[in-house]
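Peer 1: Below are the structure tokens for one structure; questions will follow.
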Amino acid sequence: MALTNNKSILDWVNEKIDLVKPDEVMWIDGSEEQLDALRKEACETGEMTKLNEELLPGCYLHRTKPNDVARVEGRTFICTETKEQAGPTNNWEDPQVMYKKLYDIARDSYKGRTMYVIPYSMGPVGSKFSKVGIEITDSIYVVLNMSIMTRVGKAVLDCFGDENNDWVRGLHCKCDVDEEQRYICQFPQDNTIISVNSAYGGNVLLGKKCFALRIASYQGKNEGWQAEHMLILGVENPKGEVKYICAAFPSACGKTNLAMLVPPEGYKKKGYKVWCVGDDIAWIRKGADGRLYAINPENGFFGVAPGTNEKSNPNALASTKSGTIFTNVALNLDNNTVWWEGLDKNPPENAIEWKGQPWNGKESTEKGAHPNSRFTAPAKNCPCISKEFENPDGVPISAFVFGGRRAALTPLVYQSRDWNHGVFVGSIMASETTAAATGAVGVVRRDPMAMLPFCGYDMGDYWQHWIDIGETLDADKAPKIFNVNWFRKDEDGNFMWPGFGDNLRVLEWIIKRCEGEVEADETAIGYLPKAEDINLEGLEGEVTLDSLKSILDVDKELWKKETAGIEEFYGKFGKTLPAELKKELDTLKANLD
Ligand code: GTP
Ligand code: SPV
Ligand code: MN
């Protein structure tokens, strides 16, 4: 039974029923009974495996097809009226051409299947930050993941009302999971998303990257707010004061880890705490007091499994201990639990690897879990979830932090001179590619604000939006903007900075800068810490003042080469490149000479 009288929703759902021809239609009401019945059904058909109820209560394992394990950037399209509106960094197709192609693929594809209609809210139900979506899918895996990652069900529609037309349409059709016919398409001008021939995470959980970033970034541009690929964390000092930081790193570059950071022993003893508000996406608006506020529109974590362990990220691991769906990890047959590379040093011998084949972790040279295998865990499971997580007004932002994986060049941390220089610093971000998207891994590419795969319109206009937002902020209220790099390597290829919990040492410097409590050195690229101002207590033997100095080093010759790459990248944009950024590039070049 339909859960709403909203005509725009009912008309659209009926139109889609006529197109895909399901045997049955089920509206997802958000009740435990309904979800439980679906879990049962998925286990009966083999779509999911129920894990050990004692060790992992309410947890399930799912395997996707080996051809369907990551986002597919080459098959992701922004379909706007003109190609220019999508900009030079997005794949574009004419909306009418793309609708026809997608409808031809989707037509009759639900025959013999059930259509699930999922009403969901990105953000706490009823918050002024929040937005509603409807996702139609033929996958129980999608329903169950969406009900962890977002707020789903009847309550969403009750609050939405019958006249409201401000909602995002999402149609997902698994079809035959044929990679040749796979398309992930956003129609920002129609508030519409269509995804066909995939059944993997970011391609099909349409609330996440498709809506909360690609569509929402476009909405934000028009409505005066921002949708960013950013974690949100709060650092509580021993006096109990909490400062909030938003940080943008590309996929698989450390957002979830930083968001759930465990302070080093010395900090813990002093009374420092870190609180997680969000690990992937931030929606940001100006508050009544003139500061910027952020909410996490999601309700769960879709986190990278490999490398997650008791030491690297105990909070993420704890979050996966109940009510979690694991995708593409190894199944330990001895105790019906899961395993992935980097969980511990004791891989199971009697196991099934991520593709579904028998696997002996002690002997096999193959991986047990896919490098982009993931957990979908409820945010409320996280031991360090912020008490502001449900706050409909969000949290006030003190600093924006950009960062990526750069083996060379970028120092551990630096601060921009002002807002526009900070926008420039975000715009010149580059990072080594990871397994989060299909394609080569480890290649340095430009990824401005970690939004390259997620910006729903021309990236030049997006930079202009950042500059425009800055103009509305009083200087003393605007977040300060920084850049970090946890991934600098020495000549032997070892990471120079221990990372993880020790990143709090850098956050402490960032907060001190925001509070005007510490001096910095002005360099060609911006303000750098004096090495003595980064607290190394407890890192004896790991990081010395000298090694820290080399992680903070600015190599002018390397940076000159970098400016050539930036210039080439900027050259793609033509007239949408903001003059302010061109000016910042000229300043950087002059500073380096
Ligand atoms: P998405 O969910 O794809 O957006 O990824 P993410 O940005 O949340 O990345 P995540 O925190 O899951 O980390 C990805 C990988 O980076 C993992 O293998 C981590 O072990 C590694 N990593 C995270 N933080 C650090 C760090 O400070 N230093 C080093 N060397 N590795 C890190
Ligand atoms: C990312 O790739 O940035 C993710 C995972 O957070 S996905 O949802 O697949 O996009
Ligand atoms: Mn992400």
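The values are calculated or read from the model by the stated rules, or taken from the named source; none is laboratory data. The shown structure was predicted, so the numbers you read here are calculated from the model rather than taken from an experiment. Positions of Cβ are backbone-derived with ideal geometry, glycine not excepted, and every protein chain shown enters the neighbour counts. Just so you know, the surface numbers come from the protein's heavy atoms only, side chains and all, with ligands and any DNA or RNA stripped out. Shrake-Rupley method; radii C 1.70, N 1.55, O 1.52, S 1.80 Å.
Peer 1: Would you mind checking the pairs Lys243/Lys345; Lys16/Lys387; Lys65/Lys561; Lys65/Lys572; Lys269/Lys367; Lys209/Lys380 and listing those with alpha carbons more than 32 angstrom apart? Each step should come with its number before you reach the end.
Peer 2: Working: Lys243/Lys345 37 Å; Lys16/Lys387 40 Å; Lys65/Lys561 42 Å; Lys65/Lys572 36 Å; Lys269/Lys367 39 Å; Lys209/Lys380 21 Å.
From the list (Lys243/Lys345; Lys16/Lys387; Lys65/Lys561; Lys65/Lys572; Lys269/Lys367; Lys209/Lys380), the Cα-Cα distance tops 32 Å for Lys243/Lys345; Lys16/Lys387; Lys65/Lys561; Lys65/Lys572; Lys269/Lys367.
Peer 1: Return P(r) of region 311-368 (all Cα-Cα pairs; 10 Å bins starting at 0; whole %; ordered from short to long distances).
Peer 2: Final binned percentages: 24, 53, 22, 0.
Peer 1: Can you give me the Rg/Rh ratio for region 279-405, using Cα atoms for both radii and the Kirkwood formula for Rh? Before the final figure, lay out each step's value.
Peer 2: Working: Rg = 18.1 Å, Rh = 16.5 Å.
Computed over Cα atoms, the ratio is 1.10.
Peer 1: May I ask you to list the residues of region 88-119 whose amide nitrogen lies under 18 Å from a point 7 Å from Cα along the Cα→beta-carbon direction of Ile17?
Peer 2: 107-119
Peer 1: Something else: Please list the non-local residues whose amide H lies under 5 Å from the amide H of Tyr183, H modeled 1.01 Å from N, same-chain partners needing a gap of 5 or more.
Peer 2: For Tyr183, whose amide H was placed from the backbone, the distant partners under 5 Å are Val196.
Peer 1: Another question, then. Where does region 461-546 land on Rg(C-alpha)/(2.2 N^0.38 Å)?
Peer 2: Values: Rg = 16.0 Å, N = 86, 2.2 N^0.38 = 12.0 Å.
Here the Cα radius of gyration is 1.34 times the empirical estimate.
Peer 1: Taking R0 as 35 Å, what's the FRET efficiency between Glu241 and Phe495 from their Cβ-Cβ distance, rounded to 0.05?
Peer 2: Working: r = 31 Å, r/R0 = 0.90.
That pair, Glu241 with Phe495, gives E of 0.65.
Peer 1: Once you have the Cα-Cα distance between Gln189 and Leu333, take 0.36 nm times their residue separation minus that, and quote the gain in nm to one decimal.
Peer 2: Values: separation 144, 0.36 × 144 = 51.84 nm, distance 4.87 nm.
Additional length available on full extension: 47.0 nm.
Peer 1: A further question follows. So who's got an amide H within less than 5 Å of the one on Trp497, skipping anything under 5 residues away but keeping other chains? H placed 1.01 Å off N, in plane.
Peer 2: For Trp497, the qualifying residues are Arg488.
Peer 1: Leaving out ligands, DNA and RNA, and with a 1.4 Å probe, what % of the accessible surface on the chain is carbon or sulfur?
Peer 2: Exposed carbon and sulfur together represent 48 percent of the surface.
Peer 1: For region 341-398, what size does the Cα cloud have along each of its three principal axes, sorted from largest down, in whole Å?
Peer 2: 52, 21, 21
Peer 1: From the alpha carbon gyration tensor of region 247-330, can you work out the equivalent ellipsoid semi-axes (sqrt of 5 times each eigenvalue) and give them in Å, largest to smallest? Can you show the working numbers first?
Peer 2: Working: eigenvalues 121, 75, 26 Å².
Over the Cα atoms of region 247-330, the semi-axes work out to 25, 19, 11 Å.
Peer 1: Now for a separate question. Give me the mean projected area, in nm² to one decimal, of the convex hull enclosing the Cα positions of region 125-181. If you can, show how the numbers build up before the last one.
Peer 2: Values: hull surface 20.3 nm².
It is 5.1 nm².
Peer 1: Could you derive backbone 3J(HN,Hα) for region 511-519 from the dihedral phi with the Karplus parameters 6.51, -1.76 and 1.60 (θ = phi - 60°), listing whole Hz in sequence and x where the residue is Gly or Pro?
Peer 2: 5, 4, 5, 4, 8, x, 9, 8, 7
Peer 1: Any idea what the relative contact order of the chain is, in percent, if you count C-alpha pairs under 8 Å spaced at least 6 apart? Working shown, then result.
Peer 2: Numbers: 1316 pairs, mean separation 85.4, N = 593.
For the chain, the relative contact order is 14 percent.
Peer 1: Kindly report the accessible area of region 207-343 per residue (heavy atoms of protein chains, probe 1.4 Å, no ligands, DNA or RNA), in Å².
Peer 2: On the way: 3900 Å² over 137 residues.
Normalised by residue count, the accessible surface of region 207-343 is 28 Å².
Peer 1: OK, next. If the chain between Asp178 and Lys269 were fully stretched, how many nm would it gain, using 0.36 nm times the residue separation less the Cα-Cα distance?
Peer 2: Working: separation 91, 0.36 × 91 = 32.76 nm, distance 5.39 nm.
Difference between extended and current length: 27.4 nm.
Peer 1: I've got another one for you. What per residue convex hull volume, in Å³, do the alpha-carbon atoms of region 29-102 yield? Please report the intermediate quantities before stating the final value.
Peer 2: Numbers: hull volume 13.7 nm³, N = 74.
It comes to 185 Å³ per residue, whole-number rounded.
Peer 1: Under a 1.4 angstrom probe, counting protein chains only, how are Met459, Met1 ranked by accessible area, largest first? Don't jump to the answer; show the numbers that get you there.
Peer 2: On the way: Met459 0, Met1 185 Å².
Sorted by accessible area, descending: Met1, Met459.
Peer 1: Placing +1 at every Lys and Arg Cβ and -1 at every Asp and Glu Cβ, with all other atoms neutral, what dipole size does region 407-530 have around its Cα centre, in debye to the nearest 20?
Peer 2: Numbers: 11 positive and 19 negative charges, 53 e Å.
I would put it at about 260 debye.
Peer 1: If you average the sequence gap of Cα pairs under 8 Å that are 6 or more apart and divide by the length of region 314-386, what percent do you get for the contact order?
Peer 2: On the way: 126 pairs, mean separation 29.5, N = 73.
Relative contact order comes out at 40 percent.
Peer 1: Right, here's the next one. In nm, give the distance between the simple-model label positions of Glu24 and Ala155, each being 7 Å from the Cα along the Cα-to-Cβ direction.
Peer 2: 2.6 nm
Peer 1: In square angstrom, what is the accessible area per residue of region 1-144 with a 1.4 angstrom probe?
Peer 2: Working: 6320 Å² over 144 residues.
In whole numbers, region 1-144 has 44 Å² accessible per residue.
Peer 1: Let me ask you something else. Given R₀ = 30 Å, FRET efficiency for Ser547-Thr365 by Cβ-Cβ distance, to 0.05?
Peer 2: Values: r = 34 Å, r/R0 = 1.14.
Using R0 = 30 Å, I get an efficiency of 0.30.
Peer 1: Per residue, how many Å² of accessible area does region 536-592 show with a 1.4 Å probe? Provide the component values of the computation, followed by the final result.
Peer 2: Numbers: 3250 Å² over 57 residues.
Spelled out: the 1.4 Å probe surface of region 536-592, per residue, equals 57 Å².
Peer 1: Above 24 Å lies some portion of the pair distances; for region 366-481, what is it as a whole percent of all C-alpha pairs?
Peer 2: Working: 3131 of 6670 pairs.
The calculated P(r) of region 366-481 puts 47 percent of pairs beyond 24 Å.
Peer 1: Sticking with this structure for a sec: Considering only Asn164, Ala379, Ser322, whose Cα is most displaced toward the positive end of the charge dipole of the chain, charges sitting on Cβ of Lys, Arg (+1) and Asp, Glu (-1)?
Peer 2: Of the candidates, Asn164 comes out farthest on the positive side.
Peer 1: What are the extents of the Cα atoms of region 436-510 along their three principal axes, listed from largest to smallest and rounded to whole Å?
Peer 2: For region 436-510, the Cα spread along each principal axis is 46, 36, 19 Å.
Peer 1: Here is a further query. Let's test this: bin the Cα-Cα distances of the chain at 10 Å from zero up to the farthest pair and state each bin's percent.
Peer 2: The calculated distribution, bin by bin, is 3, 17, 28, 27, 17, 6, 1.
Peer 1: Here's a follow-up. Can you run phi through the Karplus equation (6.51, -1.76, 1.60; θ = phi - 60°) for region 474-486 and list ³J(HN,Hα) in whole Hz, with x for Gly and Pro?
Peer 2: Each residue of region 474-486 in turn: 5, 4, 7, 9, 5, x, 7, 10, 10, 10, 10, 8, 7 Hz.
Peer 1: Divide by every residue of the chain the summed helix terms, -39500 (n - 2.57) for each DSSP H run of at least 4, and state the resulting mean residue ellipticity at 222 nm, rounded to the nearest 500 deg cm²/dmol.
Peer 2: Values: 17 runs with 161 residues, N = 593.
The per-residue figure over the chain is -8000 deg cm²/dmol.
Peer 1: How large is the accessible surface of Leu592 in square angstrom, using a 1.4 angstrom probe and rounding to the nearest 10?
Peer 2: In the full protein context, Leu592 sits at about 10 Å².
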